[in-house]
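> I have a structure here, written as structure tokens, and I will follow up with some questions on it.
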Amino acid sequence: MDKSYRRFYEEVGEKYPEESVVYSTLRGILRKQFIINRLAGMHGVLLDAGCNVGTYCLKYQNGKVIGVDIAHSVLVKAKQRVPEGLFVVGDLECLRFIKDGKVRNVLCTEVLEHLQNPEAALQEFYRILTPEGKLLITTPNYKKRPTNLVQLGILKSFGVQAPEGDKYLHTAFKPNELSRMLLKTGFEVIEKGTLEKPVKYCAKFPRLLFLIINLVNRSFVHSERFSFWGEKIFNLLSLRIYESVEFLGLQRFLDRWVKEGVRSYAVARKPKEACADEEFFDLTTGEERSKF
């Protein structure tokens with residue numbers, strides 16, 4: 001990852017309270033529930049690739065946990081939350097400080113879409129996994145075509161500056177695209193699909209209201225704070241509608257009418273034949289990193 005994006009994600013980590021913002025939304029709540037359920041079935045060393053403040057490191061109870069992130073600022077918070085964890089500043093496209101075949105599980109959630117070379121990261125995950133080790137990936141899904149650069153959006157209201165004008169790298173993948181990349185890398189794909197289907201029907205009316213608020217803001221108000229509160233209202237209404245749907249027992253029925261969720265995921269496994277080195281970390285590579 002180039003220096004401009006390293007600086008960008010360091011600033012995001014310092015200024016943007018992602019956990020309190022994202023995991024209070026319908027999307028974040030559904031995603032967190034999905035991932036925690038999957039983590040419960042994993043055992044052994046877990047690498048949380050792009051761990052942020054350690055949300056999932058904190059939830060993992062079945063072995064040692066390693067968190068890697070490009071931003072030192074979030075790892076300080078992660079270490080405070082999970083003192084027994086090992087947290088390392090590192091680029092997921094080059095994890096040379098971890099020996100081959102020494103990690104049992106890799107979690108990479110909402111990270112691949114931010115990488116300049118996602119296939120390089122997959123190759124590194126493959127290399128460090130034990131034979132039959134598992135990888136769980138989630139990314140945004142898309143309808144017609146994936147984005148490449150997106151507006152700062154809510155990040156701007158927290159004082160974050162973009163590395164490329166007012167935009168930053170944020171793409172998306174279909175489940176089949178994740179599968180193709182994984183197979184190309186050498187993985188066996190166990191499962192693929194989409195999640196967060198309730199967002200499709202619970203957010204329809206709130207999204208219309210959000211678009212109206214944005215139109216008013218662009219035409220008359222011109223306030224980042226106004227846009228921020230518009231998004232807060234959107235998220236709150238979506239969540240309340242979902243709670244009503246769940247209370248009435250309608251989720252399974254409504255999910256059947258939704259072809260795809262807004263999030264893609266894939267579960268992959270490294271084939272059995274690979275071998276592992278004896279040591280866990282290679283501390284002779286000279287890679288830029290910070291251990292806690």
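The values are calculated or read from the model by the stated rules, or taken from the named source; none is laboratory data. Quick caveat: nothing in here was measured; it's all calculated off a predicted structure. Note: ideal-geometry Cβ built from the backbone for every residue, glycine included; neighbour counts use all protein chains shown.
> Can you name the condition, by its number, that Cys275 falls short on among (1) at pLDDT 85 or above; (2) in contact with a Gly (Cβ under 8 Å, 6 or more places away or on another chain)?
(1)
> Here is a follow-up. Take the residues in the stretch 93-112 that are crowded, with 21+ Cβ neighbours inside 10 Å and not in a strand (DSSP E or B), then tell me which one is nearest to the chain's Cα centre (by Cα).
Restricting to residues being crowded, with 21+ Cβ neighbours inside 10 Å and not in a strand (DSSP E or B), the top hit is Val111.
> Here is a list: Val12, Val68, Val21, Val74. Which entry is under 18 Å from the mean Cα position of the chain (by Cα) and at pLDDT below 95? Give the derivation first.
Working: Val12 fails: at pLDDT below 95; Val68 fails: at pLDDT below 95; Val74 fails: at pLDDT below 95.
Testing whether each residue is under 18 Å from the mean Cα position of the chain (by Cα) and at pLDDT below 95 leaves just Val21.
> Moving on to the next point. Would you pick out the residues in the stretch 5-36 that are touching a Phe, Trp or Tyr at 6+ places or on another chain (Cβ under 7 Å) and aliphatic (A, V, I, L, M)? Working first, answer last.
Going residue by residue through the stretch 5-36, those that are touching a Phe, Trp or Tyr at 6+ places or on another chain (Cβ under 7 Å) are 8, 15-16, 26, 29, 32, 35.
Of everything in the stretch 5-36, those that are touching a Phe, Trp or Tyr at 6+ places or on another chain (Cβ under 7 Å) and aliphatic (A, V, I, L, M) turn out to be Leu26, Ile29, Ile35.
> Next question, about the same structure. Which residue is farthest from Val106 (Cα to Cα), if the candidates are limited to the stretch 18-46 and must be without any contact (Cβ under 8 Å) to a residue 40 or more places away in the chain and loosely packed, with under 14 Cβ neighbours inside 10 Å? If you could, list the steps in order and put the result at the bottom.
Narrowing the stretch 18-46 to residues without any contact (Cβ under 8 Å) to a residue 40 or more places away in the chain: 18-20, 22-23, 28, 32-33, 36-37, 40-41.
Narrowing further to those that are loosely packed, with under 14 Cβ neighbours inside 10 Å: 20, 23, 33, 36-37, 40-41.
Working: Ser20: 24, Tyr23: 21, Gln33: 17, Ile36: 13, Asn37: 15, Ala40: 13, Gly41: 13 Å.
Checked the stretch 18-46; the qualifying residue farthest from Val106 (Cα to Cα) is Ser20.
> Just give me the residues in the stretch 222-264 being surrounded by 12 or more Cβ atoms within 10 Å (Cβ to Cβ), small (Gly, Ala, Ser) and modelled with pLDDT of 90 or more, in sequence order.
Residues satisfying the conditions are Ser238, Gly261, Ser264.
> Within the stretch 136-150, take every residue that is within 14 Å of Leu112 (Cβ to Cβ) and among the β-branched types (Val, Ile, Thr) and give me the one that is farthest from the chain's Cα centre (by Cα).
The residue in question is Thr147.
> Taking the options Leu86, Leu129, name whichever one is touching a residue at least 12 places away in the same chain (Cβ under 8 Å), out of contact with any helix residue (DSSP H, G or I) (no Cβ under 7 Å at 6 or more places or on another chain) and under 16 Å from Val53 (Cα atoms).
Numbers: Leu129 fails: under 16 Å from Val53 (Cα atoms).
Step by step, each of Leu86, Leu129 is checked, and only Leu86 is touching a residue at least 12 places away in the same chain (Cβ under 8 Å), out of contact with any helix residue (DSSP H, G or I) (no Cβ under 7 Å at 6 or more places or on another chain) and under 16 Å from Val53 (Cα atoms).
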